[in-house]
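Engineer: This is the structure I have questions about; it appears just below.
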Amino acid sequence: MNAVIHILQTQSGGIMEALGQHISISLISLFIAALIAIPLAIILMTHKKTAEVILQITSILQTIPSLALLGILIPFVGIGTIPSVIALVIYAVMPIFQNTYSGLTTIDPNLEEAAEAFGLSRTKKLLKFQIPLAMPMIISGIRIAMVMIIGTATLAALIGAGGLGTYILLGIETNNNALLLIGAVLSAILTLIFSFLIKIISRLSLKKIGILVTTMIVLFGGYAGYRSIARPDVNITIAGKMGGEPEILINMYKDLIEQDHPNMKVSLKPNFGGTSFLYKALQTGSVDIYPEFTGTVLQTLVKNKQQIGHDPEKTYLLAQKLLKEQAQMTYLQPMEYQNGYDLAVKKSFAKKYNLKTISDLVKIEGQLHAGFDPDFYQQPAGFPGVKKSYNLDIASVKTMEPSIRYKAIANDKVNLVDGYTTDPEIKEYNLVVLKDDKNYFPPYQGAPLMTEKFATKYPEIKKTLNKLSGKISATDMQKMNYLVTVKHEKASKVAHEYLVSHNLLK
């Protein structure tokens, strides 16, 4: 609970922003789903066969896993809020349509005859008689859809739409139960609040509901219009991958740009998603800049037939060249530190067996019990390559999630783990990174990535961001990661202090 309270105190602004994003996505999705499903049910209430076909279609759509549906939508509508809303609407239409249709078609026939006997027109019959009687079923469908939307909306964080899912995913990735708890509890509270509000709305007359809906449309439209008018002359969007380190870097970019170019306003999108999502967002113009690593570029983003060398400069130049040729991207100068793979042991274990390099592991390979990330264990560039290059035959290997492996070595469940050279857990758990004495692992230097079109339009930004070229050592980044991830200090504060202390910021 102390950790939860500390995060709430230090990250209240970010939590409130994520909460606002979650509410916005949920309300928009629920409103659109109701706007589609309710009129459709009214139209088809006298067309039973067509209604059954629609129900079958919506039921089939509900069986598609959320992540698969998001993946299907990305090539067509990009990433961010739009595909998230579309996916949520698809899931929400079925319960609203089904309940509305059932409510309208299960009214007592005697009451139907009575309404006709009073000479009500079709419209008056619908508004004064059928919809009021069906309202409990309609509200029940909306409530079911609302619960479904709020729960599924947490996945929006995977494609850069933000929301409370950001904290849930960060909690899972970093094994931080406090973050996980904050995201999950707030989602549950949001569901209860929405459910209560829907219950209150259900007691209103159709006229008052219509006024309420119209007011919400006006408010949302007015706010969107104000945001578009109030935008500065130049608005730059910078995004980062999941985790503390990318957030530190993008805050540095923001501070440097806004200092050198006061007329520019920088918007940050931290924890925007994985590599493929971010790269797609850059290509489609959803974001303008994000930090990427040389090894990742050559292994994931471009077609590379050349063997990745171990010279950092040559690796960067090859990545820069291929990005320009294949994707019309501009890759700025890299920072000093490398966030590449490493192998680590506890300091006491290293001292006991005099371990300094990966080669030193060979002499005690029969006593090694490793905990590796599944990707590292399987990828040719990971453990299979290390095993072959160092002729290393480890006694046993267990695969586990990245954050869990550090807990495992801290609790002596394993004595060797893989990781990244700037992981804050190295400092937190007092680990020793073994030197890659055969230079097996490729270089992973970070640098700002942007499209050539953007770089040509704003050449002054290139000059500004290149101030970080050759700066930030591995020790510096490890310390900053520790402050953000373990001590829960604000990434913006940590980034600002580094820039000021190194005379990069006034």
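Rule-based calculations on the coordinates, nothing more; no lab input. A quick note: this is a predicted structure, and the numbers were derived from the prediction, not measured. Glycine also receives a Cβ, built like all others from the backbone with ideal geometry; neighbour counts cover every protein chain displayed.
Engineer: Can you list the lysines whose alpha carbon sits under 16 Å from that of Lys125, skipping same-chain ones fewer than 8 residues off?
Structural biologist: Lys207
Engineer: Structure shown: which of Lys265/Lys324; Lys351/Lys471; Lys324/Lys463; Lys280/Lys493; Lys305/Lys363 lie over 25 Å apart, alpha-carbon to alpha-carbon? Spell out each step's value before the answer.
Structural biologist: Details: Lys265/Lys324 27 Å; Lys351/Lys471 32 Å; Lys324/Lys463 18 Å; Lys280/Lys493 29 Å; Lys305/Lys363 36 Å.
Check vs 25 Å cut-off fails for Lys265/Lys324; Lys351/Lys471; Lys280/Lys493; Lys305/Lys363.
Engineer: Let me ask another. Roughly what % antiparallel, to the nearest 5, for the DSSP beta bridges in the chain?
Structural biologist: Details: 15 of 29 bridges.
Around 50 percent of the beta bridges assigned by DSSP in the chain are antiparallel ones.
Engineer: Viscosity 0.890 mPa s, temperature 25 °C: give me the Stokes-Einstein translational D for the chain in µm²/s, with Rh taken as the Kirkwood radius over C-alpha pairs.
Structural biologist: Numbers: Rh = 25.9 Å.
Once the numbers are plugged in, D ends up at 95 µm²/s.
Engineer: Separate question: In degrees between 0 and 90, to the nearest 10, how far off the longest principal axis of the chain does helix 12-44 point, with axes built from Cα atoms?
Structural biologist: On a 0 to 90 degree scale, this one is about 40.
Engineer: What's the angle, to the nearest 10 degrees (0 to 90), between helix 275-284's Cα axis and the longest principal axis of the chain?
Structural biologist: So the helix axis and the longest Cα principal axis differ by about 70 degrees.
Engineer: On a C-alpha basis, how far is the centre of segment 320-371 from the centre of segment 393-461 in Å? Whole number, if you could?
Structural biologist: 7 Å
Engineer: Under a Cβ-only charge scheme (Lys and Arg +1, Asp and Glu -1), can you give me the dipole magnitude of segment 2-230 about the Cα centre, in debye to the nearest 20?
Structural biologist: On the way: 12 positive and 7 negative charges, 120 e Å.
Rounded to the nearest 20 debye, it is 580 debye.
Engineer: Angle between the Cα long axis of helix 165-174 and the longest principal axis of the chain, 0 to 90 degrees, nearest 10?
Structural biologist: Long axis of 165-174 versus the principal axis of the chain: about 30 degrees.
Engineer: Further, regarding this structure: Neighbouring Cβ atoms within 10 Å as the yardstick, rank Met135, Met450 fewest first.
Structural biologist: Details: Met135 17, Met450 24.
Placing the least packed residue first, the sequence is Met135, Met450.
Engineer: Could you tally the net charge around Ser469, taking each other residue with its Cβ under 14 Å from the Cβ of Ser469, Lys/Arg +1 and Asp/Glu -1?
Structural biologist: Numbers: positive: Lys462, Lys463, Lys467, Lys471; negative: Glu313, Glu336.
Neighbour charge sum, excluding Ser469 itself: +2.
Engineer: Could you please report the charge total around Ile193, scoring K, R as +1 and D, E as -1 over all other residues with beta-carbon less than 14 angstrom from its beta-carbon? Display every interim value, and only then the final one.
Structural biologist: On the way: positive: Arg143, Lys199; negative: none.
Value of the local net charge: +2.
Engineer: Please go through the residue pairs Lys254/Lys427; Lys314/Lys398; Lys241/Lys467; Lys347/Lys490 and name each one whose alpha carbons sit more than 25 Å apart in this structure.
Structural biologist: Numbers: Lys254/Lys427 27 Å; Lys314/Lys398 35 Å; Lys241/Lys467 22 Å; Lys347/Lys490 29 Å.
Beyond 25 Å between Cα atoms: Lys254/Lys427; Lys314/Lys398; Lys347/Lys490.
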